[in-house]
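These notes concern the structure reproduced below.
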Amino acid sequence: MTSAPALRTTATALDATMRHLVTGVTVLTCGTAAEAEGVTVSTLTTVPGDPPMVCVALRQGSRGLAALLAAGGFVANGLAADHEWLARHFARRRRPRGLAQLPAGAWDAHPGEPGPRLRGAVCWLTCRLERTVAAGNHEFLFAGVLAGGSHATAPLVNFAGVLHAGLDSPSPRVSTERKTHP
């Protein structure tokens, strides 16, 4: 009887393999005009069930995690194919705070929301933090989805550590907005 050869996978090889999972690129925003923060993530996922929720992983000790925890909520902005510059901007650790960090008209503040929305995003979700769970050197943030909207346009996706324009949406170019919970 022969046995299968042992599979030896290094952490580096496994990390490289995991980057081959295609993910959307999202910027989480929170805060007021003077202190607005944003962070680029490719780990946002929906959590099935009722009420609707999302989950995102952020590195412990990061500026983005501290801002989201202090705000108690965020707006998840699903980036459009032409938003690579926004993804790169919010991935930089050293950037200014507040709405003035981007060109005029790049975002809109909406009263009562925990952060600004990025203009031209494929979709947005207004979220309230529900709980955090430590995992390795990251924190998983679970948030209830309070409202959302979408625009039919091509998304920005991450594949193998490179940003790509995703496929065009088969939906008509219609803006939708739906509140789920007060």
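The values are calculated or read from the model by the stated rules, or taken from the named source; none is laboratory data. As the structure is a computational prediction, the values presented were derived from the model and not from experiment. Backbone-built Cβ (ideal geometry, glycine too); neighbour counts: all protein chains shown. Side chains are part of the model used for accessible areas, which takes the heavy atoms of the whole protein and leaves out ligands, DNA and RNA. Shrake-Rupley method; radii C 1.70, N 1.55, O 1.52, S 1.80 Å.
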Quiz item: Is it fair to say A76 is open to solvent by less than 10 Å² (accessible area, probe 1.4 Å), of a type outside the set (D, E) and within 15 Å of the chain's Cα centre (by Cα)?
Solution: yes
Exercise. Could you list all residues from region 93-130 that are of a type in the set (D, E, K, R) and either over 13 Å from G38 (Cβ atoms) or modelled with pLDDT of 85 or more (or both)?
Key: R94, D108, E113, R117, R119, R128, E130
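One residue is enough: does region 12-32 have a residue meeting the conditions open to solvent by 60 Å² or more (accessible area, probe 1.4 Å), closer than 22 Å to R128 by Cβ and either in contact with a Phe, Trp or Tyr (Cβ under 9 Å, 6 or more places away or on another chain) or modelled with pLDDT of 90 or more (or both)?
no
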Quiz item: When residues of region 33-61 are filtered for being part of a loop (DSSP other than H, G, I, E, B), more than 18 Å from Q101 (Cβ to Cβ) and either open to solvent by less than 10 Å² (accessible area, probe 1.4 Å) or of a type outside the set (S, T, Y) (or both), how many remain?
Solution: 8
Quiz item: Which number in (1) of a type outside the set (F, W, Y); (2) open to solvent by 60 Å² or more (accessible area, probe 1.4 Å); (3) at pLDDT 75 or above; (4) in a strand (DSSP E or B) marks the one condition that V145 misses?
Solution: (2)
Quiz item: Mind checking which residues of region 62-105 are within 22 Å of V145 (Cα to Cα) and not in a helix (DSSP H, G or I)?
Solution: G72, G73, F74, V75, A76, N77, G78, L79, A80
